[in-house]
There are 2 protein chains.
Amino acid sequence: MGPGPINCYPRVLSAMSTQLVGQYDPVMTGYMNETMALYRQVFMTQNQQTLLVDGTSRAGIEAMIVSCLEPGDRVLVPIFGRFGHLLTEIAERVGAKVFTIEVAWGEVFKAEQIEAAIKQFDPKMVAIVQGDTSTTMLQPLADIGEVCRRLDVILYCDGTASIGGNAFETDNWKIDAVSVGLQKCLGGPSGSAPITMGERYLDIINKRRHIELGIRDENHQAGQNSRIQSNYFDLPMIIDYWGDERLNHHTEAASMLYCARECAINLLDEGIDNCIARHKLNGDAMLAGVKGLNLKPFGDISNKMNNVVGVYIPENVDGEAIRHQMLHDFNIEIGTSFGPLHGKIWRIGTMGYNARQDCVLSTLQSLESVLRRNGHKMKLGEAVDAAFSVYGK
Amino acid sequence: MGPGPINCYPRVLSAMSTQLVGQYDPVMTGYMNETMALYRQVFMTQNQQTLLVDGTSRAGIEAMIVSCLEPGDRVLVPIFGRFGHLLTEIAERVGAKVFTIEVAWGEVFKAEQIEAAIKQFDPKMVAIVQGDTSTTMLQPLADIGEVCRRLDVILYCDGTASIGGNAFETDNWKIDAVSVGLQKCLGGPSGSAPITMGERYLDIINKRRHIELGIRDENHQAGQNSRIQSNYFDLPMIIDYWGDERLNHHTEAASMLYCARECAINLLDEGIDNCIARHKLNGDAMLAGVKGLNLKPFGDISNKMNNVVGVYIPENVDGEAIRHQMLHDFNIEIGTSFGPLHGKIWRIGTMGYNARQDCVLSTLQSLESVLRRNGHKMKLGEAVDAAFSVYGK
């Protein structure tokens, strides 16, 4: 019940134990095509180029940034938590000129702030996180997409922690490039990063297409423009591997593909709206519950992600001791935090397979027991009652 | 029965469907430590820094190269097949000055050739493949390790296609850095890249340690030297994540870790020597069998990898039609080839779970039927008899 990774859906685990077929076996390439179609639905997009990067969600982020930004390119990163810093970190290593604006941890940006910063810094790309688990905040994006389109700036969004549990509409919100991971609301393990790329983003990266030595021929030549700084994260080459030509690049991580495919099927079987509603319901129950434990939620709750809540660690208890007892006595993990919030808040997740009433109730009960035995004052039973009341019981 | 990926060992598939635990759960960190210890045995090394890169074998290669080489650094790549070209491709994108020497596809290098090239080009690193599936050749390495140590050059070896099915002794052969994948002789899926790093390699990359923004504190600061060009492949940060401090980097791909761990346990249960002997036996049987089919093996057989054989496509048949019929009529995949060998040879693997007598015999029988029905001349039954005779039957 931490901020992710979380327990996987059982059907996702089972999918991973499917036997492999060859890299170009029609079953395998059929699965690849199917996975593209499934993630178009997950991302709510018509983008043809919707595929997997083989690595953790961080691999997807790096692929999106390194394929687009050349040394010297200007990028704006609005930071509202740890994962904004990560975007700057990756962009700097690409050699980009990184401009940042920040709000206090626990807040989000208004579109006007982004617009003013774009006008000030004139970036090629705005790179922003949707849901930053470090602060539990969810950045509204629809207005920002509109601003970026109007000012002709590429908008890349890291939806790792939010997609599947919070609304995300790639095309309606005019977002040019998006990446996600499986280990949060999609209910899978870390290790595969679904991404989607719109035409404006593709126009830029396709100019950097550069076929690698060893597989060039008369139809596939080295490119003329600046080569993408990474071979592994070279998205035009990955696109050619996922496309009809099946031009060899990496060897697709088949088990993780089975898994990513199953995560998407599972989400679409439930229905995206239903799944978001389930995350909202269980997130609200957890929020009510922690208040019932006499704990104070962190940040601007009106912008809280559905799938995680931050709570201040009470002054009279040892936060790490509580986490230790939760894990070792009750086999329930709750999260610590990073940077300015380290030691100040816990983070409790309700996502994917764990966005369930029984998980919420047993976490609250266990936390009540542990807090009580550590001297924290609260009205016993109130947390569970508050959660039940959110469930309408 | 292609050159990899291949079918997985059943126990490896089962391991992947194990439920996840939290990223810093003692069970998870215990598994990480165990995996390090297991791969020290696989690599035959005492290197403390033996761990997984989360991505395909190509991710492991890129991590090894980008963490070590800075723009302008000199690297020597001896090329004897497609995957040598891949090493140059990755090193060029890092900004390194790449020097190459080549032998014809189907041959390997002598240590004297490497020594002369080192003296000519004065590289910081020699990057070389052990087994290049594109040509089926296995490069002897023991003498090259000795040369590199004497001339104070880092030796990095890509053992993706060979380790587990052919001898590889990191420490005895004085190899400074090695990467592998799971999808060849280790009998797993693509998606995790075990690597090992010796002291000489670590001395270089540790000088480039640079803690990322968002998790810095008084004890963890930005570095002073040139920053590694990739965040995802920054090995000092990955080392800190796998080390006692567990400094957050990516979220370890837990299912692939379970899988990599099981691949190693499986290999060590069988015994490395026994596993290599099994690959040799079945590789020899396949070699005898294809000769019995009146097919001519490719390249210098004395340097052939145990786990794959190349055979010339007979002039009177359509190579792709044969592959298609093998797959669609018999559900057996054999491989095509790359670059100068494309359309000239097939590649037939005997590796991991598929390095078995029944796989060899049924492949030979099916290939006999398909070749016969396509007009190829051979003595019927001879292939199976030749294989049986290698098995002493």
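Here, each number is a calculation from the coordinates, and none is a lab measurement. What you see is a predicted model, and the numbers here were worked out from it, not measured in a lab. No Cβ is skipped: glycine too gets one built from the backbone with ideal geometry, and neighbour counts run over all protein chains shown.
Side notes on the structure shown:
- Long-range amide H partners of A:Gln49 with built H, under 5 Å: A:Met197
- Between A:Ser162 and A:Gly131, the built amide H atoms are under 5 Å apart, and every one of these is 5 or more places off in sequence or on another chain.
- Rotationally averaged projected area of segment B:272-390 (alpha carbon convex hull; nm²): 7.2
- Shielding by partners - mean other protein chain Cβ count within 10 Å, residues of B:20-32: 4
- Taking max minus min of the alpha-carbon positions on each principal axis, segment A:114-157 gives extents of 29, 18, 16 Å, largest first.
- Only Cα pairs under 8 Å and 6+ residues apart enter the sum, and on that basis the relative contact order of chain B stands at 22 percent.
- Copies compared at A:Glu112 - label distances in nm, ascending, label defined 7 Å from Cα in the Cβ direction: 7.9
- Taking the helices alone, chain A has a mean residue ellipticity at 222 nm of -13000 deg cm²/dmol, built from -39,500 (n - 2.57) per DSSP H run of at least 4 residues and averaged over all its residues.
- Stokes-Einstein D (µm²/s) once Rh is taken as the Kirkwood radius of chain B over alpha-carbon pairs, at 25 °C in 0.890 mPa s: 113
- Listed residues B:Leu87, B:Leu327, B:Leu138, most fluctuating in chain B (Gaussian network, C-alpha, under 10 Å): B:Leu327
- Qualifying GluC sites (Glu not before Pro) in segment A:313-349, DSSP loop, other Cβ atoms within 10 Å at most 12: A:Glu315
- Label geometry 7 Å along the beta-carbon vector: B:Asp269 inter-copy distances in nm: 3.0
- Cα-derived Rg over Rh, computed across segment A:178-270 with Rh taken as Kirkwood radius: 1.03
- The ellipsoid equivalent to the alpha-carbon distribution of the protein assembly as shown has semi-axes of 46, 28, 26 angstrom, derived from the gyration tensor eigenvalues as √(5λ) and listed largest first.
- From largest to smallest, the equivalent ellipsoid semi-axes obtained for segment A:53-116 from the alpha-carbon gyration tensor read 21, 15, 9 Å.
- Stokes-Einstein diffusion of segment A:1-99 at 10 °C, 1.306 mPa s viscosity, Kirkwood radius from Cα pairs, rounded to a whole number: 96 µm²/s.
- GluC sites (Glu not before Pro) restricted to DSSP loop in segment B:147-220 with at most 16 other C-beta within 10 Å: B:Glu169, B:Glu218
- The rule of thumb for compact globular proteins, 2.2 N^0.38 Å, goes into the C-alpha radius of gyration of segment B:212-334 1.74 times.
- Among A:Gly243, A:Gly72, A:Gly131: highest mean-square fluctuation, GNM of chain A, C-alpha pairs under 10 Å: A:Gly72
- When the alpha carbon gyration tensor of segment A:87-226 is reduced to an equivalent ellipsoid, its three semi-axes come out at 28, 20, 14 angstrom, largest first.
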